[in-house]
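Data block below; observations after.
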Amino acid sequence: MAARRATTRGFTRSATLLQDRIKAASSSRGFEQSRLLTQWAETVGEDTAAIARPLKVSYTRGGFGATLTLLTTGPNAPMLEMQKEKLREKVNAVYGYNAISRIVLTQTAPTGFSEGQASFAHKPKDHRPKPPNPETVAEAARIAAPVGDDGLRRALEALATNVLSKPKR
């Protein structure tokens, strides 16, 4: 059987090149699992991710679990304080064992310490659908035109508009 030739032609995936640097940077802050940083919103939920970010993980000398420090704003701290146990369970699910024993909150101003800095909150996602272009609407109307029932024709026009508006993959 012939040896398999590499198909990358000397190229390397960027994820492979950056993996060691990402691990080193996250390990220096105590994050052995970089997934906690990169998938914070998926781990704790969009609502919590909008008001808190993981800052560091510190380990005690006794080895009885680590402390996760979260950065939040002053008004959001009481809400997070009540959710600490749920957050701890969600974070420990990422680690796969009971790695985090405590969560500590650190408060900061919502826009940083000097003027002109970026906002602390994540950019909200725009869930409003974009209006379809007129050519798509006209094509959908042409497709559904032979249908006699008005309600059914409108429903078919809406369906055709949605199908024709979908990006091609």
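Just so you know, all these numbers are worked out from the coordinates, no wet-lab data involved. Because the structure is a prediction, the values reported are computed rather than measured. Cβ atoms come from the backbone with ideal geometry, glycine included; neighbour counts cover every protein chain shown.
Observations, loosely collected:
- With the simple spin-label model, which puts each label point 7 Å out from Cα in the Cβ direction, the T73 to N162 separation comes to 3.6 nm.
- For L55, nonlocal amide neighbours, meaning residues 5 or more places apart or on other chains whose placed amide H falls under 5 Å from its own, are T69, L70, L71.
- Amide proton proximity set for V147, modelled H, under 5 Å, gap of 5+: none
- Note on A109/F64: beta-carbon distance plugged into 1/(1 + (r/R0)^6) with R0 of 41 Å gives a FRET efficiency of 0.80.
- G65 long-range amide H proximity, modeled H, under 5 Å: T60
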